[in-house]
Structures are given as structure tokens and as C-alpha cells.
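The values are calculated or read from the model by the stated rules, or taken from the named source; none is laboratory data. This structure is a prediction, so every number in the text was calculated from the model and none was measured. FYI the Cβ positions are ideal-geometry reconstructions off the backbone, even for glycines, and counts take in every protein chain you see.
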Amino acid sequence: MKIGVHVFAAGGLSKAIDRAQAIGAETIQIFASSPRAWAFKSIPDDQVDAFVQKSKEEAVSPVFLHGIYLVNVGGAPDLVRKSVDSLSDHMNAADRIGASGVIFHGGSHKGAGFDSVLDQSARALREVLARSPEHVWLIVENCAGMGAQIGASFQEIGRLIDAVGSDRTKVCLDTQHCFAAGYGLADPDGIDAVVQEFDREIGLSRLVVVHANDSKVEHGSGKDRHENIGEGYIGQHGFEVIMGHPAFRDVPFILEVPGFGGEGPDKKNLDRLKVVRAGLGLTH
């Protein structure tokens with residue numbers, strides 16, 4: 001099990017590796033462009049080369065890109081078109097820097113219901129896959145269920161993946177989103193049922209990364225509110241339950257927490273997960 005963080009790439013892509021190494025991260029997630037803007041600027045070749053070389057030298061892997069927050073494959077036609085273009089750009093950027101794939105949120109059906117947007121969402125994702133390299137994964141992230149989000153339930157994610165019909169469609173499980181959506185992921189008496197449902201609806205072979213986040217809000221709240229490890233409703237014991245389950249032992253865990261200094265994932269949070277890992281007798 002590798003443990004890592006989302007890191008910023010300001011000042012050049014390879015700086016992300018430096019920041020990861022400074023706090024002991026073993027795997028990373030980065031943005032390839034501003035997460036709150038549609039504009040995408042191709043990464044200069046020299047930055048790509050420096051990143052690839054440094055990630056190999058420092059053995060930081062796997063690497064994941066996170067798509068922008070504006071993506072919505074369940075929206076109006078113009079929004080879907082922008083989403084497809086953005087995801088395609090990120091998939092090709094992932095290929096250039098040697099990243100495993102692109103993690104993204106499906107967006108919202110705006111109250112119309114999941115069934116009403118399933119076909120258009122699947123068509124959009126099939127187009128993204130057709131426009132990107134064969135070995136790069138398109139990774140759906142579960143959501144907390146706030147509002148009319150797409151993919152709050154394992155069943156919705158499984159139906160979407162089935163409709164896309166590609167082995168390259170994978171899943172990122174966010175612990176806070178899962179907890180907020182009402183799944184007993186942090187409960188020693190409930191985790192087996194959660195894992196079994198995931199396997200039944202999606203398939204554990206699709207799980208390629210976990211976003212490790214504590215929860216600022218209570219179980220079943222439906223709200224996306226991340227907290228530092230051990231400071232929220234999941235708690236240190238909850239992560240012992242999650243990380244100790246066989247389904248997660250070979251899956252990279254990546255932090256997206258606010259940080260104790262308010263500047264994002266930090267060494268203190270990373271070390272807390274490493275303590276859990278060590279206590280379980282796990283290694284990377």
C-alpha cells in the first residue's frame with residue numbers, strides 16, 4: 001500500500017515531485033490545469049521531460065491527474081461538449097507525463113434523475129476514451145450525494161461503467177464521500193457489506209485509487225466536507241478499519257485534506273496514515 005497526497009504543480013510540473021518528496025509522499029495526484037477554468041494549456045515538453053525523469057528517480061508512483069471541477073457529463077449539450085474536450089485534454093496530458101489516468105467527478109443531473117442522463121453521460125465518456133491513448137484510465141470518483149450529483153451510489157457508478165463498456169473505465173473511492181453518502185465504510189461491523197456491494201455493483205478490479213479524507217460532517221449527511229485525518233467523524237480508528245480490509249491493501253491512498261496549516265495535504269496527515277499502515281503490519 002502506497003500513501004501519498006494531492007500536490008500543487010506551481011512553478012513547473014517537476015516541482016510537484018519535490019513537494020511530494022519533502023513530506024514523504026510515495027504516490028501523487030496533480031492538476032494539469034486550473035481546476036476552476038475551462039482553458040487548458042498544453043504542458044511544455046521540457047516540463048514533461050523533467051517531471052518524468054524526476055518521478056522515476058524519486059520512485060514516486062503511480063501518478064494521477066485530477067480533472068477540473070467544471071466537468072458535467074450530465075449537463076446541457078454545450079456543457080457536455082466542454083467536458084469531453086477537457087477530459088480528453090487531460091487524458092492526453094496523463095499519457096505524456098506517465099500518469100495512470102484521470103480522476104473526475106461526473107457532475108449533476110440537476111434534478112432530472114440519473115436515468116435521464118445515463119445515455120448521454122456514457123456517450124460522452126466513450127468519446128473521451130476514443131480520443132485518448134489506449135493505456136490511460138478514465139477514473140470515475142464517487143460523490144457525497146449532495147444535491148443531484150451523479151455517482152453517489154455504487155449502483156449508479158456501476159450502471160454508468162456498464163453503459164460505457166470499456167475496461168479502461170476505473171473507479172476512485174473517496175472515503176469522505178462514501179461516508180457522507182451513508183456507507184458504513186469506517187464501521188468494523190459494516191465494512192464487509194460495503195465492500196461486497198462495491199464488488200457486486202462495480203467490481204473490485206475497477207478500484208485503482210482511494211482518496212483518503214476524514215469527514216467534517218456526520219455519516220449520511222450527503223455533504224462533501226473534508227477534514228484532516230483523525231480530526232473528523234471517520235477518525236483514526238475508522239482508517240484502521242478501512243486500511244485493514246483486504247480489498248484496500250494494494251490500492252494507493254491519496255490525501256485531499258485541508259492540512260493542519262490550511263495549505264492542503266501535509267506531512268502530519270501523511271504520517272498519521274503511515275502510522276495506521278505500520279500498525280496493521282502493511283508495507284508499500
(message) Cβ contacts < 7 Å: first residue at pLDDT 95 or above and of a type in the set (Gly, Ala, Ser), restricted to the stretch 184-198; second residue assigned to a helix (DSSP H, G or I) and surrounded by fewer than 17 Cβ atoms within 10 Å (Cβ to Cβ), any location; separation 6+ or different chain. Result?
(response) Gly184/Ala193
(message) What are the pairs with Cβ atoms under 6 angstrom where one residue, in the stretch 3-20, is at pLDDT 95 or above and the other, located anywhere, is of a type in the set (Asp, Glu) and surrounded by fewer than 20 Cβ atoms within 10 Å (Cβ to Cβ)? Sequence gap at least six, or different chains.
(response) His6/Glu256; Ile17/Glu58
(request) Please enumerate the residues belonging to the stretch 204-239 that are of a type in the set (Asp, Glu) and over 14 Å from Phe253 (Cβ atoms). (result) Glu218, Asp224, Glu227, Glu231
(request) Tell me, yes or no, whether the stretch 122-133 has at least one residue that is of a type in the set (Gly, Ala, Ser), surrounded by 23 or more Cβ atoms within 10 Å (Cβ to Cβ), modelled with pLDDT of 95 or more and part of a loop (DSSP other than H, G, I, E, B). (result) yes
(request) Name, by its number, the condition in (1) assigned to a helix (DSSP H, G or I); (2) over 22 Å from Ser205 (Cβ atoms); (3) of a type in the set (Lys, Arg) that does not hold for Arg159. (result) (2)
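Test of understanding: among Gly261, Gly184, Gly238, which residue is over 20 Å from the mean Cα position of the chain (by Cα) and of a type in the set (Gly, Ala, Ser)? Step through it out loud before you land on a result.
Details: Gly184 fails: over 20 Å from the mean Cα position of the chain (by Cα); Gly238 fails: over 20 Å from the mean Cα position of the chain (by Cα).
The unique qualifying residue is Gly261.
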(message) For the condition more than 19 Å from Leu129 (Cα to Cα), out of contact with any strand residue (DSSP E or B) (no Cβ under 9 Å at 6 or more places or on another chain) and of a type outside the set (S, T, N, Q), what is the one hit in Val52, Val60?
(response) Val52
(request) Sort through Lys56, Lys15, Lys2 and tell me the only one that's more than 19 Å from the chain's Cα centre (by Cα), among the charged types (D, E, K, R) and surrounded by 17 or more Cβ atoms within 10 Å (Cβ to Cβ). (result) Lys15
(request) Of the conditions (1) in a loop (DSSP other than H, G, I, E, B); (2) buried (at least 22 other Cβ atoms within 10 Å of the Cβ); (3) of a type in the set (A, V, I, L, M), Leu65 clears all except one; give me its number. (result) (1)
(message) Can you tell me how many residues within the stretch 200-231 are of a type outside the set (Val, Ile, Thr) and either under 18 Å from Met243 (Cβ atoms) or touching a strand residue (DSSP E or B) at 6+ places or on another chain (Cβ under 7 Å) (or both)?
(response) 15
(message) Regarding the stretch 78-85, can at least one residue be identified that is among the small types (Gly, Ala, Ser) and in a loop (DSSP other than H, G, I, E, B)?
(response) no
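Among the residues of the stretch 230-269, which ones are outside any loop (DSSP other than H, G, I, E, B), under 22 Å from Glu218 (Cβ atoms) and aliphatic (A, V, I, L, M)?
Within the stretch 230-269, Val241, Ile242, Met243, Leu255 qualify.
For the stretch 115-130, indicate whether the set of residues that are among the charged types (D, E, K, R) and under 30 Å from Gly24 (Cβ atoms) is non-empty.
Within the stretch 115-130 (the criterion being among the charged types (D, E, K, R) and under 30 Å from Gly24 (Cβ atoms)), the answer is no, since none of the residues qualifies.
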